[in-house]
Amino acid sequence: MLVCSVVGARPNFMKIAPVVLELLRRQVPHLFVHTGQHYDDSMSRVFFQELRLPAPDVHLGVGSQTHGRQTARVMEGIEEVFERHSPNLVIVGGDVNSTLATALVAAKRSIPIAHVEAGLRSSDRSMPEEINRVVTDHVSDLLFTTEESANRNLEREGLGERGVHFVGNCMVDTLLQHVDAAIAKEPWREYGLEPRGYALLTLHRPSNVDIAETLDRLLHTIGSVSTRLPVLFPVHPRTRRHLSSSPPATRGDVRLTEPLPYLTFLGLLARARIVLTDSGGVQEETTALGVPCLTLRPNTERPVTTTRGTNRLVGTDPEIILECLESVLAGHWPTGEVPPLWDGRASRRIVDIVEGFLSS
């Protein structure tokens, strides 16, 4: 009984890594496929090394494309893989184009699909990731959820009876396995920073970086933030393409870097005073670590990070962002709590269910 796990982009790696490692530990026959949606060293290879993932059995090398072309190239490549290997179950994670493409091909070939991180919804169909999530869930057979709101979303969409399992958060499994080593590296020293003495920024959503007016407003606000705290800004390749026309604010202390390896970023995240982000995964990581987080979006598909955790939605309004910063600096930010089942054992629960599914 062959299980095929498919990854494609940086967010996938942390979600699927503990599942892959648990399958290997239990000696479940396994085929590991990397679509190559993220392909350079900083966005791919270093993550495999640090997460101790095996080299992929298959690398499709799809590269960077428009959404339609990239999805089509993954579909073409993954169909050849399925024809050659005939897996009994395909595991996909998250909401990137590789997730959708793999799920569509598997569904058309009547191969059962397990979706890790199912049921998350922002209710914002302008986000490509939202389309990917919804479609993947509706063709999947096993739906592994990270928070209770996801279960309610699936039930509302008529999927409540279709193999829904509340298992916890695999990204937190990865975080808990590596956070001590990440902190021990003291990565803040490389940038001349002190623990709890800096802000960490990530920015890559098309709605924030593709529109010049929005990006200019955010960068001006980040300049204001950096007059109160140094801001470390690992720049996503998508964002880098736009910075030549909208250079970062010059006042204050904004320090740009290339994308960072997982352990370096995790260590910086764990000891930041505050994190500003438009990333879904960072919202979860900051909640797991108890670090204040401002999400530069009007919505989130991970509401548990706002109801139980340390995350708050601030959009791109400078006044709200700066007010929240002052609350954090004054020590008035809620400490939050770790959501249910974010305990480092989600991957074990998933593989228990997978083994039961395959033997039934």
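The values are calculated or read from the model by the stated rules, or taken from the named source; none is laboratory data. Since the model is a prediction, treat every value here as computed from it, not as a measurement. Virtual Cβ from ideal backbone geometry, glycine too; neighbours counted across all protein chains shown. Only protein heavy atoms, including side chains, enter the accessible area calculation; ligands, DNA and RNA are left aside. Shrake-Rupley method; radii C 1.70, N 1.55, O 1.52, S 1.80 Å.
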*What full-extension length gain, to one decimal in nm, is calculated for Arg84 and Arg189 as 0.36 nm per residue of separation minus the Cα-Cα distance?*
32.9 nm
_Stokes-Einstein D for the range 1-82, Kirkwood Rh over Cα pairs, 4 °C, 1.567 mPa s (µm²/s)_ = 99
*What trypsin sites (Lys or Arg not before Pro) does the range 316-360 have in DSSP loop regions with at most 13 other beta carbons within 10 Å?*
none
*asked:* Quick check on the chain: helices-only [θ] at 222 nm, where DSSP H runs of length 4 and up contribute -39,500 (n - 2.57) each and the sum goes over total residues. Nearest 500, please.
replied: -13500 deg cm²/dmol
_I'm checking a number: the convex hull volume of the Cα atoms of the range 97-228, normalised per residue, in Å³. What is it?_
164
_Largest-first ordering by accessible area, 1.4 Å probe, given options Asp317, Asp173, Asp57_ = Asp57, Asp317, Asp173
*Highest-MSF residue in the chain out of Gly281, Gly192, Gly252 [GNM, Cα springs under 10 Å]*: Gly192
*Using only alpha carbon positions, build the gyration tensor of the range 277-327, then give the equivalent ellipsoid semi-axes as the square roots of 5 times its eigenvalues, largest first, whole angstrom.*
17, 12, 8
*Unit charges at the beta carbon, dipole of the range 69-175: most positive-side option, Leu143, Gly160, Val105*: Val105
*May I ask you to order 122-128, 286-292, 352-358 by the average number of other C-beta atoms within 10 Å around their residues, highest value first?*
286-292, 352-358, 122-128
*Assuming 1.306 mPa s and 10 °C, estimate D for the range 47-91 with Stokes-Einstein, Rh taken as the Kirkwood radius over Cα pairs, in µm²/s.*
129
*With charges set only on the Cβ (+1 for Lys and Arg, -1 for Asp and Glu), what does the dipole of the range 173-216 come to about its Cα centre, in debye to the nearest 20?*
140
*Which residues' amide hydrogens lie under 5 Å from the amide hydrogen of Leu31, considering only partners 5 or more residues apart or on another chain, with H built in the peptide plane?*
Val3, Cys4, Ser5
*How big is the charge dipole of the chain about its Cα centre, in debye rounded to the nearest 20, if each Lys and Arg gets +1 on its Cβ and each Asp and Glu gets -1 on its Cβ?*
340
_Can you work out the Karplus-derived ³J(HN,Hα) for every residue in the range 58-64? Use 6.51 cos²θ - 1.76 cosθ + 1.60 with θ = phi - 60°, whole Hz, and x for glycine or proline._
9, 10, 7, x, 6, x, 8
*Report the normalised scattering of the range 1-150 as log10 I(q)/I(0) at q = 0.09, 0.11, 0.12, 0.17 Å⁻¹, calculated by the Debye formula with identical scatterers on the alpha carbons.*
-0.24, -0.37, -0.44, -0.93
_In Å², nearest 10: area of Trp342 left accessible to a 1.4 Å probe_ = 10
*Quick one: plug the Kirkwood hydrodynamic radius of the range 308-359 (C-alpha pairs) into Stokes-Einstein at 37 °C, 0.692 mPa s, and report D in µm²/s.*
229
*Roughly how many Å² of Phe233 are accessible to a 1.4 Å probe, to the nearest 10?*
0
*What's the extension gain from Asp124 to Glu76 if we count 0.36 nm per residue and subtract their Cα-Cα distance?*
14.4 nm
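What is the projected area of the convex hull of the Cα atoms of the range 153-274, averaged over all directions, in nm²?
If you wrap the Cα atoms of the range 153-274 in a convex hull and average its projections, you get 10.0 nm².
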*For the chain, how big is the tail of P(r) above 31 Å, as a whole percent of Cα pairs?*
31
*How much accessible surface does His220 have with a 1.4 Å probe, in Å² rounded to 10?*
110
*From the backbone phi of the range 293-309, what are the Karplus-calculated ³J(HN,Hα) couplings (6.51 cos²θ - 1.76 cosθ + 1.60, θ = phi - 60°) in whole Hz, Gly and Pro given as x?*
9, 10, 8, 8, 8, x, 8, 8, 8, 10, x, 4, 6, 9, 7, 10, x
*Could you rank Tyr191, Tyr198 by how accessible they are, 1.4 Å probe, largest area first?*
Tyr191, Tyr198
*Counting other Cβ atoms within 10 Å, keep those with at most 11, restrict to DSSP loop, and tell me which GluC sites (Glu not before Pro) in the range 90-162 are left.*
Glu161
